[in-house]
Every structure is written in structure tokens, then in C-alpha cells.
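The structure appears below as C-alpha cells.
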Amino acid sequence: MKKNLVFIMGYLVLIVHLATAGEITIHDFKDNGKIELEELIYLLNVLSGAVNESSTDANPLDITDYYPLSKYSNIYITWDGLANYTRKDVVSYTNNAGVKHYYEVIEIPNGDLEWMAAAYLAQQAGGYLVCPETEDENEFVFNLINNSNYWFTWNQTHNYVTSGPPIGGFQEDSSAVESDSAAGWMWLSGEKMDFTNWCQNLDDGVLDKDPRNNTQPNDAMGGYIQDAMFYGEITSRVPTWGDFPVRFGDVQGGEGGTYYAFVIEYNSKP
Ligand SMILES: [Ca+2]
Ligand SMILES: [Ca+2]
Ligand SMILES: [Ca+2]
């Protein structure tokens, strides 16, 4: 039912786009004569510029083709496959630009869910991994997840740095941007990333008790490519962002760290 509603909403957006976009190809990738949710999402991603229609993508229904990070990652988890979770009440927020969106915190007390998997679940729910595109929205989202139950704190080997829920920012996967950890960041929402709130090294002994340089994004520090965005990255819960390895969160196959909640953002009431 929800899926159908999202489909209808998406279709309305599509019609508006088609009215202004000139020639657009609607792909029936499943070749069954129907335009389904995944195909619509693909089309909306093309229209928003998040996908390059002329790229050589072999299977555009594969999330890997428009979330280019998933080559690192095992994302194919369904809500039924998520062992233990609680969906909190959906709340709305209207940002300073007057845009009203809806937000749902998903608590996952077992952790063990990598960034791509959280993004994939959010997409299945009809939304996307939360994208705090403005300073006021970022504060709002942080207040939703400013809860010690949702954050992970490293042991002494990482100077007790704490990290929070994943955010829908990711770095485009291309060699051109890998030489610049701050280049090529995008939102899953398709919006342009104008506002950023990367963690800055403080070493003030209060918010930042980690003697290492915490300024983010720092990409290859430790030898890992860090292309996915999460809250945190110093020794206090703060609304700043860090770049993390895409597999962060997956305790078994990832980096050893995790998080215990993620937020789904919806453009319309779910
Ligand atoms: Ca947003
Ligand atoms: Ca520091
Ligand atoms: Ca980092």
C-alpha cells in the first residue's frame, strides 16, 4: 500500500518533469510492460542528475549503478531480514526555506548494518537515508538522534571517539575525486551539497579529548577509502560529520565499529 502511494507520488513528480524535460526515455528494465518502483526511482535519479543516462550501466535496477559505492558492500537486505529493529514515530520538520519533510528514526539495537544497507532499507521504505542539507535541518536531525543508545564509542585504541547514525551523503566513486577527500560529495536526495558540517579538530579536552587530528573529511587516513558520511567522529556527541569507510557499521565484515539507529527522510508523508 505504502509502495503504491510512493509510486503514485513519484509518478506525479515524473509527469511534472516530463512536461519540462524534453525527450526522456522510460526504461522497462524488467521488460514486463509495467513501470515499477525501481524503474521510476532510476528515472527520477536520471532526471535529478544523480545518474548519468549515457553511462555504460549494464543493469540500472541494480542499486550499485546509482549508488556507486556498493561495489564495496553487501546491501541486499530487506526489512524482513533485519532481525531486531524499532520504527519510531514519524515526525515532520519544515526547514528555513519552507520545505516540509518527514523523519523516522529506526533503532537497531544489534547494530551491524553497513551504510549501503541502511540506504537500501530507507529506499525500500519509500524514502532515503536522511540528508540534512541545511544547518537548521542538521540541528533538527541531530536532536532526533542525540541519544547514547544510538551511538557507538570506540575503545582506547581509537581514543574513545564516538560515532553516530549514517547520513545520506556519499562521495562520488571516481579516481578524479579520490585525490581530494572533500571533492565530489553528493546527497542521496539528489540535492546539491551546499551546506557542510564536517568535524573540525578541537583538542579542547572537553568536546575533543582525542589528541589526533579529527578534522574531516580525511579519506585515506588508516589506508581505507572513506566515501560515506556519518555523524560524530570526536569524543562527544556532536552534530558534525565524518567520512567513513562504506563498510563501517558491519561488525563482521567491516571496520569493527557500528551504530544503533538510522533516520529515513521522506519528501511526503509516509
Ligand atoms: Ca533533507
Ligand atoms: Ca583531536
Ligand atoms: Ca574520516
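Values in this text are rule-based calculations from the coordinates and carry no lab data. Values in this document were obtained by computation on a predicted structure and should not be read as measured data. Please note: Cβ atoms are built from the backbone with ideal geometry, for glycine as well, and neighbour counts cover all protein chains shown.
Assorted remarks:
- Checked against the criteria, Gln216 counts as in contact with a strand residue (DSSP E or B) (Cβ under 6 Å, 6 or more places away or on another chain) and part of a loop (DSSP other than H, G, I, E, B).
- Among the residues of the stretch 90-119, those identified as closer than 25 Å to Trp198 by Cβ, of a type outside the set (Val, Ile, Thr) and not in a strand (DSSP E or B) are Asn95, Asn96, Ala97, Gly111, Leu113, Glu114, Trp115, Met116, Ala117, Ala118, Ala119.
- Residue check for Glu137: over 20 Å from Ser236 (Cβ atoms), within 16 Å of ligand 1 (Cβ to nearest atom) and of a type in the set (D, E, K, R): yes
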